[in-house]
Structure formats: C-alpha cells, structure tokens
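Report on one structure; see the data block that follows.
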Amino acid sequence: MSGTSSRQEKLINRRALLGATAVAGTAVLSAPAIAQEKATIEWKLVTSWPKNLPGPGVTAQRIVDQVSKMSAGHFRIRLYAAGELVPPLEVFDAVAAGTAQMAHTASFFWQGKIPASVYFTAIPFGLLPHEHITWIEQGGGQALWDDLYVPFGLKPVMAGNTGVQMGGWYKKEIRGLDDLKGLKIRMPGLGGEVMRRLGATPVSLPPGELFQALQSGVLDATEFLGPWSDRAMGFQKVAKSYYSPGFHEPNGTGEAIFNQVALEGLPEELRTIVLEACRAENGRALAESDWENAGSLQLLQEEDGVTVRPYPDDVLAALRETAAAVLAETSEKNSLSKRIYESHSAARERLAPWSDVAMRRFMAARDDNV
C-alpha cells in the first residue's frame, strides 16, 4: 500500500514538473510575440516647411501628435523640419529612398519630375478647397494620384489645407501687363509658367529662403500662402502691395507622402490611424486657416500698412487665357497626364454650376451685392 502510494506520488510529482516546464516554455515562447504586439514603432517624417510654420508646419506637427495619441504611444513619428534631415525640396526623393518613411509637403514642388503632380495641390483658375476635396474623394482623383506616384514606390494622400491663396507680395504696384515684364517672382506650379509667358522671370526657392530673397532683391515679388502664414514669414516688412485673387492657387492642399513598403508593413490598426490623422487635417486645417487668415488680413492692413490690391482686369484676362493654354499642354505629356487633365476638367465642369448657385449667389445676397 505504502509502496503503491509512493509510486503514485512520484508519478504525480513528475507530471506536475513536466506541466510546469511546459507552462514555462509556453511563457518563454509567448513573451516575444506579446512584446512584438506592443513594441513601439518609430518613423521619420521630413517636411518642406520651417518648424511650426503657421499653416502647413502646424499641420505636420499635429499629425505627428495625433498619431502618437491615438496609438497610445506605440507609433511615434519624429518630425524633421525643412533642412534638418534633408533639404526642403528633396523630401520626395528621401521618402522614395527610405531615408524617411513619410513626408509632409506640396505636390506642385515635383512639377519638374512629374508635370501632372501640380493638379494635386492647385492649378491656375482651378478648384476651390471644397471642390478639390470632392474631386479627390468622389471624382476619381485619388486613384489617379496613386497611379502617378506608383513608379516611385510612394503613396500620396491629402493632409491639410491652407485654403484659398493670395496672389502675392509685390514691391511695386502692378498697373498693367507691362509691369510683369522682367519681374523676378517666386510662384511655383503652373502659375509660374503662366507668369513666364507673360514676360516675368519665375525663380524657384523653398519657403525658408523667401524673405531674405525678397529683402535682398533676388525677388521682386513672391507668393506663398495666405495672410496667416505670410505675416509669420515677415513679407509685410519688405513689400506693401498684397495682391488678390490667388489665381494660381485657389486651393492649398497639403500632401503626405508615404513610402509604400513602410506603409504596407504597418499593422492594420496603425496604418488606419496615420491615414485618418492625415484625413482629419483636411477639415481642421482649412477651418483654422480661414479663421486665422481673416484675423491676419486685418492686422496686415491696420497695423502693418499693407494695401490689398486686385490684379488689373487686363492682367487677369491675360492670366486666364494663358493658363488655359498651359493647362491644355499638360495633357500632351503622356496618357496619364491626359487622364488627370480630363478628370480635373470634368470635375470643374460638374461642380462649378453648383458652386455658383449655392455659394456665389448666396454670398452676393448676404452681402447685399445682388
């Protein structure tokens, strides 16, 4: 009896030991998996903007902050402002090469590399902010944008909007077309080409160099964004004539560029978080820009001695006619450029009558200008 009990106790103890060993082994095997699930993922984001620049610089930082918050700190993106990791106009190549996983910039900077890229920021006499967002999300614009960047291994999305732009800062008053001849102006995108055909000399410079160039005489005029960002850049200290409308940029879509491999390598929930953080900025940044632009415009006029001037009618007419020719030529680059041109034109043709009935007439009635 006692011998049998002893053997049973040994068997029980042996089974218990084996069980404990198995549990311990499971714990050892499971620990890396658990750690991996909760591991912190770290990315680099490069921008084309000076750090915390009102408008796009603020948007870039807010995206980074929101991603960290929504992921409970498990997805951290380190932001590098213009020039801190790569030059401001080299962020496209940096993300394509994997130097950074993400960039915040504007698509028209890549006009020399990809001519049709300008459509995804703004084109002369093109879509207003709400119309542009509608084209991208409802009119097939996003699919075309994706196709445009596929050869570079990149995924682009909208990420913020600085709203309707101003026409720019001029040291001398523009009274007619002759005043454009020989004018050294910073105006990226197709607006710069329009100005060139009317006799001006477009100069390509990144945002951070504009004030010094205007002050030193490298530039006679420059456009940037709207009153909020422009005032922060200090242009009102050098030029006192501020022109409207911003014919070249009726919209100010910010662009987030992702390295496609890095984006697809994220867990689905983190991929959703970063894409939705970008998308949320389209409405948030637009509201912020409209509010701050209104206040800054008042300060520019009342405190800084700036005169807001309209482009003369003959200048606007020439700009509009020349822009139509320039845009038509973009469709001749290749089949994809033609598809983008036709899609954008179709969106404008569809949306313009509704914008006229719903917005222009209401604003005229509201302001008693009917």
Taking H as built 1.01 Å from N, whose amide H comes closer than 5 Å to the amide H of Ile41, not counting residues under 5 places away?
Phe75, Arg76
Amide H proximity to Arg186 below 5 Å, modelled H, separation 5+ or other chain, gives Val203, Ala221, Thr222, Glu223
Identify all aspartates and glutamates with a Cα-Cα distance to Lys240 below 15 Å; exclude those on the same chain that are fewer than 8 residues away in sequence.
Glu173, Asp220, Glu223, Asp230, Glu302, Glu303, Asp304
Based on Cβ point charges of +1 for Lys and Arg and -1 for Asp and Glu, what charge dipole magnitude is obtained for the chain about its Cα centre, in debye rounded to the nearest 20?
1240
Pop the C-beta distance of Val218 and Lys51 into the FRET formula with R0 = 25 Å and round what comes out to the nearest 0.05.
0.60
What is the dipole size for segment 98-236, taken about its Cα centre, with +1 at each Lys and Arg Cβ and -1 at each Asp and Glu Cβ, in debye to the nearest 20?
380
Mind checking which lysines have their C-alpha under 23 Å from Lys338, skipping anything on the same chain fewer than 8 residues away?
Lys113, Lys155
Dipole of segment 240-288 (Lys/Arg Cβ +1, Asp/Glu Cβ -1, origin at the Cα centre): which of Gly252, Ile273, Leu263 lies farthest to the positive side?
Gly252
With x for Gly and Pro, the residue-by-residue ³J(HN,Hα) of segment 300-315, computed from phi through the Karplus equation 6.51 cos²θ - 1.76 cosθ + 1.60 at θ = phi - 60° and given in whole Hz, is 4, 7, 8, 10, 9, x, 8, 9, 8, 10, x, 4, x, 4, 5, 5
Output the Kirkwood hydrodynamic radius of the chain, Cα pairs only, in Å rounded to one decimal.
22.9
Given points 7 Å out from each Cα along the Cα-Cβ axis, report the Arg197 to Trp354 separation in nanometres with one decimal.
3.0
Can you find, among Ser204, Gln165, Gln101, the residue farthest towards the positive end of the dipole of the chain? Put +1 on the C-beta of Lys and Arg, -1 on that of Asp and Glu.
Gln101
For segment 170-221, what percent of Cα pairs sit more than 12 Å apart?
61
Would you pull out the residues with amide H under 5 Å of Thr253's amide H, same chain only if 5 or more places away, H placed 1.01 Å from N?
Thr162
Dividing the convex hull volume of the alpha carbon atoms of segment 94-179 by its residue count, what do you get in Å³ per residue?
138
Identify, among Ser343, Leu79, Ala358, the residue whose Cα sits farthest towards the positive end of the charge dipole of the chain, taking +1 on the Cβ of Lys and Arg and -1 on the Cβ of Asp and Glu, with the dipole about the Cα centre.
Leu79
Using alpha carbons only, what's the Rg to Rh ratio of segment 72-216 with Rh from Kirkwood?
1.00
Can you run phi through the Karplus equation (6.51, -1.76, 1.60; θ = phi - 60°) for segment 259-270 and list ³J(HN,Hα) in whole Hz, with x for Gly and Pro?
5, 4, 5, 5, 5, 5, x, 6, x, 4, 5, 6
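Read-outs throughout are calculated quantities, based only on the coordinates presented, and are distinct from any laboratory measurement. All values reported here derive from a predicted model rather than from experimental measurement. Positions of Cβ are generated from backbone atoms using ideal geometry, with glycine treated the same way; all protein chains shown enter the neighbour counts.
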